[in-house]
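**Student:** First the structure, which I've put down as C-alpha cells, then a few questions once you've had a look.
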Amino acid sequence: MPESAVVKVELDWDTYVMLREKARREGYTLVSDYARDLLAREARGEAARVGGCGDEKRIADIVARRVERVVSDIVNPFTGKIDEVARRLADLVEKLEGGESEQARAEPVRVEQHRYAQRQQRTGAIDRLRQQKILFWEDVKWMKAPDRLFAKLEKEGAIVFEAGGEKVAVDRGFWDDFVRAVEEVAVRDPGEASILVESALGERARILFEKLVSGGLAYYDEDLGHWIVPQP
C-alpha cells in the first residue's frame, strides 16, 4: 500500500481567505500544512481538538522564538551603547585619577619652589648661602636664570666652581672647614672617606665631596697619606 496520497481540494476565494487567516492564528506559515493537519485530525476524530496541547506547545515555541528575536533586535543596540558609555566613562575616570596623581606629585615641588623664592626675597642670596653652606645647581635649576644667581654669589664672595658636571656655590667660611675636614681623612677608599666627611660636616658635605672626587677635583695623596682638595 502507498505510504501517502495526494488530495486536491478546490476552494472559493472567500473560503481560502478564511482558512488562511485561521492557519495564521494557529501558527501555520502555509495554508496547505494547516489543511493537511486539519484533515488528519478530522479523520482521526480529533477535529474538536484543533489547537490542542500539541499545537499549543508548537505555537508557543514559534511565538517564543519570534519574541526572542524581536527582543534581541531591540536590546542589542542599546547593550552596545551601554558598553561603549561604560568604556568611555572608565577611560575618563582613569585620566582624571592620573591627572590628580600628577598634580598631587607636582604640588609639593611648586610649594617648595615658592617658599625658596620667598626666602630669597626676604634675605640676600649670600646670606642664604651662609645659612645653607652649599648650593648645588640642581637646587635652583627650576629658576629662569640660575646662572645669574651663581654669578651674583661669586661676586659677593662665595666660592663658585663646577664639580661633577654642574655648578656649585660654597660659603667661603664653610669651604675652609670642608677642606680641613677632607684633609684629615686618611682612608684611601672614596666610599669610606665620604662617610667620614658626612659624619664631620653633614650630608651635603658628603655630596660635595663625591662630586669633587668624580670630577677629579679631590684626590688621595699617597705620599701625604690623606685626601687633598686644591683651591678651585
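The values are calculated or read from the model by the stated rules, or taken from the named source; none is laboratory data. Just so we're clear, the structure is a prediction, and the values are computed from it rather than from any experiment. Ideal geometry is used to build each Cβ from the backbone, glycine not excepted, and the neighbour counts take in all protein chains shown. With ligands, DNA and RNA removed, areas are computed over all heavy atoms of the protein, side chains included. Shrake-Rupley method; radii C 1.70, N 1.55, O 1.52, S 1.80 Å.
**Student:** For the stretch 130-141, enumerate the residues that are more than 13 Å from VAL170 (Cα to Cα) and open to solvent by 90 Å² or more (accessible area, probe 1.4 Å).
**Tutor:** GLU138, LYS141 - these are the residues of the stretch 130-141 that are more than 13 Å from VAL170 (Cα to Cα) and open to solvent by 90 Å² or more (accessible area, probe 1.4 Å).
**Student:** Return the pair list, or none, for Cβ contacts closer than 6 Å from residues in the stretch 6-23 that are within 12 Å of ALA35 (Cβ to Cβ) to residues that are surrounded by 12 or more Cβ atoms within 10 Å (Cβ to Cβ), at least 6 apart or on different chains.
**Tutor:** LEU19/VAL31; ARG20/VAL31; ALA23/VAL31; ALA23/TYR34
**Student:** So, in the stretch 123-143, of the ones that are farther than 23 Å from VAL229 by Cα and either of a type in the set (Lys, Arg) or touching a Ser or Thr at 6+ places or on another chain (Cβ under 7 Å) (or both), which residue ends up modelled with the lowest pLDDT?
**Tutor:** Ranking the candidates gives LYS141 first.
**Student:** Right, something else. Which pairs turn up if I take residues in the stretch 144-165 that are modelled with pLDDT under 90 and look for partners that are part of a helix (DSSP H, G or I) and of a type in the set (Ser, Thr, Tyr) with beta carbon separation below 9 Å, at least 6 apart in sequence or on another chain?
**Tutor:** Close Cβ pairs (under 9 Å, with a partner that is part of a helix (DSSP H, G or I) and of a type in the set (Ser, Thr, Tyr)) amount to ALA163/SER214; GLY164/SER214; GLY165/SER214.
**Student:** Taking the residues in the stretch 178-232 that are among the aliphatic types (A, V, I, L, M) and open to solvent by 60 Å² or more (accessible area, probe 1.4 Å) as candidates, determine which candidate is nearest to ILE159 (Cα to Cα).
**Tutor:** LEU217
**Student:** Would you be able to tell me the number of residues in the stretch 17-32 that are surrounded by fewer than 13 Cβ atoms within 10 Å (Cβ to Cβ) and assigned to a helix (DSSP H, G or I)?
**Tutor:** Final tally of qualifying residues: 6.
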